[in-house]
Amino acid sequence: EQTLIVQIDKTQPAVFCDAADGQWHAADVSIRCVASDAASGLDNASDATFALSTNVTFGTETTGAATGSRQVCDVAGNCSIAGPVSGNRVDKNAPEITLTSPTDTIYVLNQSVIASYTCADGGSGVAGCTGPVTSGAAIDTASAGTKQFTVDAIDNVGNAATVSVGYGVTYNIATLYDQDEAHRPGSSLPVRLRLTDAKGANVSDAEIILNAVQLTTLDGGAATRPHTAISANRDSNFRYDSRLRGYVYDFQIRGRVAGVWAITFTVAGDPVEHTVTFRMR
């Protein structure tokens with residue numbers, strides 16, 4: 001008599017996966033899982049240890065990312081499902097920067113302009129939010145020129161963002177002659193002016209070069225290079241007068257038509273072309 005032993009396995013494999021750790025992650029989370037089967041054994045040996053991962057879209061953030069799942073079977077054909085494991089915190093989104101001041105505009109030298117910016121992050125939170133000055137402090141308008149204001153932000157898992165705005169700083173022009181006085185042809189017109197800041201302070205200096213570039217009528221008429229009346233105005237540059245504490249350009253008015261004329265000039269370092277006027281009889 002023979003005895004036939006039949007082994008029957010009706011038990012599913014045992015599967016265990018780690019829980020979400022409650023921490024924020026900059027990349028998809030990989031959760032460790034283990035499986036075993038005490039009866040017939042695992043059908044696939046690689047199922048003994050494996051990982052389940054989340055798949056969060058770039059540019060988003062969530063507190064409830066779920067992993068995928070995996071079927072684990074034994075040799076007898078009993079199967080268990082591992083996962084999904086939910087509750088994972090994944091932050092693939094950079095902080096949002098709101099920069100309201102300065103703006104892409106032109107400010108006057110020494111004008112008081114207050115920086116205003118904020119950084120926000122809906123995921124792991126803001127770890128840093130920095131600009132050239134802190135929000136609420138005055139920006140740089142201490143010199144003429146084009147400038148850049150950049151705000152950098154980073155969150156607690158390393159996602160970073162940058163926002164920049166360019167702005168300019170110009171001089172105010174204070175004329176020291178009567179722009180409404182009518183001049184006759186053949187006369188010499190001394191155009192006198194000063195550079196001033198936003199508070200009206202005289203900031204003229206012999207080292208700052210003013211260059212006359214064009215002479216036009218305000219009705220859109222003839223455009224010419226300015227004609228100087230004296231040799232002190234070389235290269236169409238204004239000359240600095242230390243007694244005036246300002247600048248002088250002597251125009252020789254030769255046969256100009258009647259009306260209002262505009263003198264366009266540049267100031268070294270200043271992003272803005274300036275214009276003053278005079279009147280012809």
| remark: Treating only Lys and Arg (+1) and Asp and Glu (-1) as charged, each at its beta carbon, one finds that the chain has a dipole about its Cα centre, in Debye to the nearest 20, of 2280 debye
| What residues have an amide H closer than 5 Å to that of N88, excluding those fewer than 5 places away on the same chain, when H is modeled at 1.01 Å from N in the peptide plane? | A65
| request: Sort H274, H25 by accessible area with a 1.4 Å probe, largest first. | output: H25, H274
| request: Could you check the simple spin-label distance between A160 and S46, using points 7 Å along Cα→Cβ, in nm with one decimal? | output: 3.7 nm
| Per q in 0.17, 0.20 1/Å, what log10 I(q)/I(0) does a Debye calculation on the alpha-carbon atoms of region 62-162 return? | -0.82, -0.96
| query | Given springs between every Cα pair under 10 Å in a Gaussian network model of the chain, which of I97, I31, I139 has the largest fluctuation? | reply | I31
| Of G41, V203, I81, whose Cα points farthest to the positive end of the dipole of the chain (charges on the beta-carbon: +1 Lys, Arg; -1 Asp, Glu; origin at the Cα centre)? | V203
| note | With T196 itself left out, Lys, Arg at +1 and Asp, Glu at -1 over residues whose Cβ is under 15 Å from its Cβ give +1
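The values are calculated or read from the model by the stated rules, or taken from the named source; none is laboratory data. Note that the structure is a prediction, hence the values are computed from the model and not measured. All Cβ positions, glycine included, derive from the backbone under ideal geometry; neighbour counts span all protein chains shown. What goes into the accessible areas is simple: the full protein's heavy atoms, side chains included, and nothing from ligands, DNA or RNA. Shrake-Rupley method; radii C 1.70, N 1.55, O 1.52, S 1.80 Å.
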